[in-house]
Amino acid sequence: MIPTKEIFAIDEKEIHALIRGGRAGRHDVSRILARAREGRRLGLAEIAALLSVEAPRDLEAIFQGAREVKEQVFGKRIILFAPLYLSNRCANNCLYCGFRRENREAARKTLSVPDVVREAAFLFEQGYRRLLLVAGETQGDASLAYLCDAVEAIYRETPMRMVHVNAAPLSVEGFRRLKGGGAGVYQCFQETYHVATYRRMHPSGPKRDYAWRLSVMDRAMEGGFGDVGMGVLFGLYDYRFEALSVVAHALYLEQAFGVGPHTVSVPRLQPAPGAALSRAPHPVSDAVFKKIVAVFRLALPYAGVVVSTREGATLRDAVIRIGASQISAGSRTDIGGYADGAERAGTPQFSLRDSRSLDEMVRSVLEAELLPSLCTACYRTGRTGEHFRRAAESGALQERCLANALLSLMEYLQRHGSAGSRAAGLQRIEAVLEEVPDEALRRRLADRLDRVRRGEADLHQ
Ligand code: SAM
Ligand code: SF4
């Protein structure tokens, strides 16, 4: 008999007990951080203890630990991308979202496939190399066919190098089709792992089915997605419960499929025009938000931690220093907002708090003494899923990723950068090159950077 995989479920009592145990302060923060620095995996009780920390000195220690772990695994690289909203039509009624079906005020719009291509081409010209397609949920095969058409048309008709997708859960067969079209990461947020809150927040539509959503990552992986992106919408329920549940879910995926999530996102509830919820039932402060980012970094060292423009500039500049490794830039959540501007676009999903352009973000990342990267090499050379994790664990990715980050940054600066970002970027590239200890490697890399400076594109290894 073929053994059946155990189905993942959240044991709410157990998670609440862990939170109570964490609060009792039985665990020693510095001992836990020492284990994380040594590359050991933390247990849920240890993560609960970190989440319960409130003393400023202990919080600083957590931020410092997260910064070090981030550098060990990802170096100084910060990946930049843009979301591309395809449609604000939705069959669901999520109380927090401006796209909900019962928002009668919304100007509904679905981009035609040629318009999707136009938006992607526009974004490529701004310097983006990876996009995250985002859509409301419409039912039936037509929506899957539309999504697949959009992904395939972008690859066929624009030079965009990587397309990820954040859309409603699919069947295994649906995921196979989407993956077959070349989608990179499949991203879907559980929103809340707390069943009663989930039911309250999702009064109708297909998303009401908690179990279907909870099992989405299993189906995505079975359908061929080695890379999945998880998250919850912070603000709906107790952040400790949610963060612990995300980690428990990630550990389950590691056990069941041999690979954990490729990314963990940290969306926090923002006001949305036409949403039924006027404020977060469990507000998360900026200080707590920073703690969550740092704890995810320590708990899931190989996952990219993604922070979107839902957050303001000051906070985003802070979290890239304590564990976040991917950020969106210059985002719009209105439909068709990039090429057409606000007047002709459909209603946005929620308010954005960081309106800096890609070029301004590149400069901010450089000012933080980090390295902006527009690299997409891993997905395109098959270094995904389990392969990516093992390479990251062995440190083998460090050298290759550093080279690819520098090459992609050079391409950006030469083709799209403003005078200011070009000057700052070239200076950083020089400084990073000087730190490469192996002389032969340094010379090879300098040579390739020079080729990009002289106009070659898409050099990567
Ligand atoms: N419709 C699909 C779904 O719900 O999974 C995918 C796209 S949805 C537009 C992407 C994510 O936006 C949701 O998973 C939710 O976490 C987030 N979101 C919705 N309303 C939000 C709000 N008011 N503030 C911040 N994030 C929000
Ligand atoms: Fe639709 Fe997604 Fe918004 Fe819910 S969060 S209303 S499913 S777009």
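The values are calculated or read from the model by the stated rules, or taken from the named source; none is laboratory data. Given the structure is predicted, the values throughout are model-derived calculations rather than measurements. Ideal geometry is used to build each Cβ from the backbone, glycine not excepted, and the neighbour counts take in all protein chains shown. Just the protein is used for accessible areas: all its heavy atoms, side chains included, with ligands, DNA and RNA removed. Shrake-Rupley method; radii C 1.70, N 1.55, O 1.52, S 1.80 Å.
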| query | Taking segment 172-183 only, how many residues are outside any helix (DSSP H, G or I) and away from ligand 1 (no atom under 16 Å from the Cβ)? | reply | 2
| remark: Going through (1) buried (at least 17 other Cβ atoms within 10 Å of the Cβ); (2) in a loop (DSSP other than H, G, I, E, B); (3) within 16 Å of ligand 2 (Cβ to nearest atom) one by one, M160 fails only at (3)
| remark: Matching residues in segment 48-63 (assigned to a helix (DSSP H, G or I) and touching a residue at least 24 places away in the same chain (Cβ under 8 Å)) number 9
| query | Only one residue in E369, E386 is surrounded by fewer than 20 Cβ atoms within 10 Å (Cβ to Cβ), closer than 29 Å to I322 by Cβ and modelled with pLDDT of 75 or more. Which one? | reply | E369
| query | Going by the conditions given, is V293 closer than 22 Å to V319 by Cβ and touching a helix residue (DSSP H, G or I) at 6+ places or on another chain (Cβ under 7 Å)? | reply | yes
| query | Can you name the residue in segment 327-361 that is closer than 16 Å to R108 by Cβ and either modelled with pLDDT of 95 or more or in contact with a Ser or Thr (Cβ under 6 Å, 6 or more places away or on another chain) (or both) and, of all such residues, is farthest from ligand 2 (Cβ to nearest atom)? | reply | P348
| request: Please determine, by comparing only the residues of segment 184-198 that are outside any loop (DSSP other than H, G, I, E, B) and among the aromatic types (F, W, Y), which one is nearest to ligand 2 (Cβ to nearest atom). | output: Y198
| request: Would you check if there is a residue in segment 249-265 being within 16 Å of ligand 2 (Cβ to nearest atom) and not in a loop (DSSP other than H, G, I, E, B)? | output: yes
| said: Quick check on segment 239-271: of everything there that is within 10 Å of ligand 1 (Cβ to nearest atom) and in contact (Cβ under 8 Å) with a residue 60 or more places away in the chain, which residue is surrounded by the most Cβ atoms within 10 Å (Cβ to Cβ)? | reply: S265
| said: I'm checking my understanding of the structure. Among residues of segment 82-101 that are within 12 Å of ligand 2 (Cβ to nearest atom) and farther than 18 Å from Y198 by Cα, which one is most open to solvent (accessible area, probe 1.4 Å)? | reply: R89
| Near pairs, Cβ below 8 angstrom, 6+ apart or cross-chain, from segment 164-190 (farther than 23 Å from V305 by Cβ) to any residue that is among the charged types (D, E, K, R) and more than 14 Å from ligand 2 (Cβ to nearest atom) | L170/R219; S171/R219; V172/R219; V172/E222; F175/R219; F175/E222; G181/E152; G182/E152
| field | Where V116 falls short, out of the listed (1) part of a helix (DSSP H, G or I); (2) open to solvent by 40 Å² or more (accessible area, probe 1.4 Å) | value | (2)
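From L147, L131, grab the single residue that is in the same structural domain as N88 (by TED's automatic domain parsing), closer than 13 Å to T376 by Cβ, within 16 Å of ligand 1 (Cβ to nearest atom) and not charged (D, E, K, R). Before you say what the answer is, go through the steps one by one.
Numbers: L147 fails: closer than 13 Å to T376 by Cβ.
Only one candidate passes the filter, namely L131.
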| field | Condition met for G274 (part of a loop (DSSP other than H, G, I, E, B) and within 13 Å of ligand 1 (Cβ to nearest atom)) | value | yes
| query | V295 is checked against (1) buried (at least 24 other Cβ atoms within 10 Å of the Cβ); (2) in contact with a Leu (Cβ under 6 Å, 6 or more places away or on another chain); (3) within 30 Å of E173 (Cβ to Cβ) and fails just one. What number does that condition carry? | reply | (3)
| request: For residues that are touching a residue at least 60 places away in the same chain (Cβ under 8 Å) and either open to solvent by less than 40 Å² (accessible area, probe 1.4 Å) or among the hydrophobic types (A, V, I, L, M, F, W, C) (or both), tally how many sit in segment 421-456. | output: 4
| request: Run down T192, T110, T197 and say which single residue is open to solvent by less than 40 Å² (accessible area, probe 1.4 Å) and more than 12 Å from ligand 1 (Cβ to nearest atom). | output: T197
| If we scan segment 245-253, do we find a residue that is over 27 Å from R199 (Cβ atoms) and of a type outside the set (A, V, I, L, M)? | no
| remark: Per the filter on segment 11-37, residues in a loop (DSSP other than H, G, I, E, B) and at pLDDT below 95 are A24, G25, R26, H27, D28
| With respect to the numbered conditions (1) touching a Leu at 6+ places or on another chain (Cβ under 8 Å); (2) buried (at least 24 other Cβ atoms within 10 Å of the Cβ), which one is the sole condition not fulfilled by A61? | (2)
